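Contents: one structure, followed by commentary.
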Ligand code: FAD
């Protein structure tokens, strides 16, 4: 019998755990590299922040999680598990529909134990270089006291994409105070208008004097948020002057003590060397066939968990099943030429519909609707009809 393929999975978060299970299920020889000493990726809360929280310093100490203490999931618990392994209600635990982050971390550990995945993971092993040499990948990794260079036939990238900050370009004078300290009487600016910006604004408003949210949304007028005595909404920050006066595009301005950037993250694979086959431009990782396989390197390199605005656990699991079956030879990919044609067509469609490059990996209406309908029908069957209405409402909000 031929030896099973040797596959390196990089990262032991949601994506890496799902990949390990699926690849091993297909009889492949899997090694999971995990730079930290725990599994679960960003779902392990860490009160520390990066040594340079806005990421200007490339040599900063990176804390691989962007969880804040108060975070609860923004998807209902019924969508926070895997297709065949749902997130249950913990006995005597949190029964809320949107659980806290601790429960997700607990669940991922339980998943790893249930499927005996820990033995596949090399904890404390950071991958520092992945390079195609001949017919294999050379993977270089380091631990606290060793350096290893090994060959693998395939590499599955599961390193997440919520650590490298994406900052808006705002003319800022030398003075800018960032993150960390806020307190009574502070005036705080929160830049961004997505889930984290809302959560964080509400948290800060409990202790700050004023919170001002700045957004790029075109329809916003300066206004105080209903049900909050000290949160205002503005258009984007135009500039910050030397005396800490923050001016907004809507003509208003305030003197501020602290600015929080809640502006998201960028894709970042500093260890990956592909001779320019894969590039990251304006947050587009490409070319990738269906956000997973680079046509010229498929199936020997794959990216898991790239799409955004989706039901992440289950989307990730489906991607892993696809990669595992392709690598085991059960499922065939189209030819390189066909995959490239698909990617080009996708880019052209985006352009035609007016979508900017940086939203390449946001699943668009059709795909999101399709995946949610599948997931919801699954969940309906699993949990009974009472939960279905929640998902239908969620689909509506989500789209
Ligand atoms: P990660 O969880 O980031 O795991 C990547 C792993 O790779 C880490 O363990 C890291 O240490 C390891 N790694 C990285 N580089 C290397 C290297 N070079 N060598 C070795 N190991 C490496 N999703 C939801 O479904 N519901 C939510 O409510 C939700 N809320 C979120 C809130 C916030 C604030 C953020 C930022 C994200 C949220 N997400 C949510 C998305 C979340 O990222 C996914 O749920 C999920 O954690 C992604 O898993 P992952 O495995 O792709 O990445």
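The values are calculated or read from the model by the stated rules, or taken from the named source; none is laboratory data. This structure is a prediction, so every number in the text was calculated from the model and none was measured. So basically every Cβ, Gly included, is an ideal-geometry build from the backbone, and we count neighbours across all protein chains shown.
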Exercise for the section: Test residue 48 against the criterion of being within 13 Å of the ligand (Cβ to nearest atom) and part of a loop (DSSP other than H, G, I, E, B), and give yes or no. Expected result: no
Exercise for the section: Could you tell me whether region 59-80 includes any residue that is surrounded by fewer than 16 Cβ atoms within 10 Å (Cβ to Cβ), within 25 Å of residue 315 (Cβ to Cβ) and away from the ligand (no atom under 14 Å from the Cβ)? Expected result: no
Handout entry: Test: residue in region 157-177 that is surrounded by fewer than 17 Cβ atoms within 10 Å (Cβ to Cβ), modelled with pLDDT of 95 or more and not in a loop (DSSP other than H, G, I, E, B)
Key = no
Problem - Residue within region 80-92 that is touching a helix residue (DSSP H, G or I) at 6+ places or on another chain (Cβ under 7 Å), farther than 28 Å from residue 131 by Cα and at pLDDT below 90 present - result: yes
Exercise for the section: Considering only region 207-309, give the strands (runs of 3 or more DSSP E) lying wholly within it that have at least 3 residues that are in contact with a strand residue (DSSP E or B) (Cβ under 9 Å, 6 or more places away or on another chain) and crowded, with 19+ Cβ neighbours inside 10 Å. Expected result: 210-215, 231-235, 258-261, 301-303
Exercise for the section: Count, please, the residues in region 81-100 that happen to be more than 11 Å from the ligand (Cβ to nearest atom), closer than 25 Å to residue 21 by Cα and assigned to a loop (DSSP other than H, G, I, E, B). Expected result: 6
Exercise for the section: May I ask you to say which residue of 344, 317 is closer than 29 Å to residue 26 by Cβ and modelled with pLDDT of 95 or more? Expected result: 317
Practice task
Please work out which residue is surrounded by the fewest Cβ atoms within 10 Å (Cβ to Cβ), limiting yourself to region 310-335 and to residues that are over 30 Å from residue 74 (Cα atoms) and touching a strand residue (DSSP E or B) at 6+ places or on another chain (Cβ under 9 Å).
Solution key: 334
Handout entry: Matching option when the condition is within 11 Å of the ligand (Cβ to nearest atom) and farther than 30 Å from residue 79 by Cα, among 163, 143
Key = 143
Problem - Single residue of region 29-43 satisfying the filter (in a loop (DSSP other than H, G, I, E, B) and surrounded by 20 or more Cβ atoms within 10 Å (Cβ to Cβ)) that is nearest to the ligand (Cβ to nearest atom) - result: 35
